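Trainee: Sharing a structure, written as structure tokens. Questions coming.
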Amino acid sequence: MNIIHCLRRSLRARARIRAAAMVLAAVGAAAACCALVLYGQATSSPSGGQDEEQRLDHDPAALLDGYRHVEVASVADAEEQLTSRRIYLSHRMRPIFPTKFVGYALTVRLVKQENHDPHALDGMLIAIDQGGKDSVYVMSVEDGADIAGMGGLMGAAMAARDFAGAVIEGGVRDTAYLTKIQFPVYATGIVPSTSVGHYRFAGSQIAVDCGGVTVNAGDIVAADMDGVAIVPKKDAVKVLLRARQLDFQEHSMYAWIEKTKSIEEAVRQFGRL
């Protein structure tokens with residue numbers, strides 16, 4: 001009986017060992033699988049490949065939404081890497097309150113000209129009334145650092161027409177009202193002056209110089225607290241896909257730096273700064 005009892009105990013022990021080994025093997029396989037998934041996520045491109053490029057190329061709404069989810073700094077870096085061009089506006093272009101927006105440029109140019117013509121700026125108003133959802137009013141005011149290119153009335157009209165925002169190479173006024181209605185404006189300064197009697201409308205939906213960058217009608221305007229970037233239509237999809245990759249790399253690096261306490265290690269691992 002003792003021999004039988006010992007054999008039974010031995011068999012039960014072997015069964016437990018086999019079961020434990022099977023569990024360990026399963027855990028090991030799962031761990032390996034997770035490691036492969038994580039490695040694939042870390043090394044794969046978040047751009048989505050050719051299918052995603054084609055989708056964005058044929059879906060303007062998806063393209064704009066994509067730009068809403070990347071940082072302007074990454075957009076600026078992406079354009080510079082792909083085309084060797086600077087497409088971000090001067091540091092002088094600042095928001096009247098913290099904001100982030102994306103839209104398509106609706107351009108207007110004003111030239112300096114003293115006048116008593118009540119219709120000198122009519123074209124500017126017509127351009128606003130012809131704009132619509134996701135438009136970004138981009139205005140170049142000649143020698144306009146001390147002239148308000150827009151104010152509360154124009155901002156109210158743009159907001160009513162669902163413009164995304166405005167970018168003024170010149171001044172802005174009525175900032176209390178614009179802040180109240182939360183209509184975002186970037187400008188080179190805040191001034192109480194008017195353009196009426198001092199300027200004349202010189203065209204809309206034309207190429208204008210704004211913040212040191214040439215902006216064409218329909219270009220993508222992306223703005224956040226780092227500044228404003230302009231993306232030409234022909235580059236829009238490729239720049240977005242590259243900006244996504246740069247965002248992905250940078251956001252991955254934050255956790256790496258926190259873990260290793262070394263920016264040098266992070267740059268070596270991810271290959272960007």
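Trainee: Let me check the size of the range 97-145 from its C-alpha atoms; what are the radius of gyration and Dmax in Å?
Mentor: Calculated on Cα positions, Rg and Dmax stand at 13.1, 38 Å.
Trainee: Sticking with the crude label model, points 7 Å out along Cα→Cβ, report the distance from Asp129 to Ser84 in nm, one decimal please.
Mentor: The two pseudo-label positions are separated by 4.7 nm.
Trainee: Given R₀ = 22 Å, FRET efficiency for Ser252-Met225 by Cβ-Cβ distance, to 0.05? Working shown, then result.
Mentor: On the way: r = 22 Å, r/R0 = 0.99.
Given R0 = 22 Å and the Cβ-Cβ separation, E is 0.50.
Trainee: Let me ask you something else. In whole Å, what are the Cα extents of the range 96-239 along the three principal axes, biggest one first?
Mentor: Sorted from largest, the Cα extents of the range 96-239 read 48, 31, 26 Å.
Trainee: Now for a separate question. By counting other Cβ atoms within 10 Å of each Cβ, how are Ile220, Ile147 ranked from fewest to most?
Mentor: Ile147, Ile220
Only the coordinates and a few stated rules stand behind these numbers; no lab work does. Source: prediction; values computed, not measured. All Cβ positions, glycine included, derive from the backbone under ideal geometry; neighbour counts span all protein chains shown.
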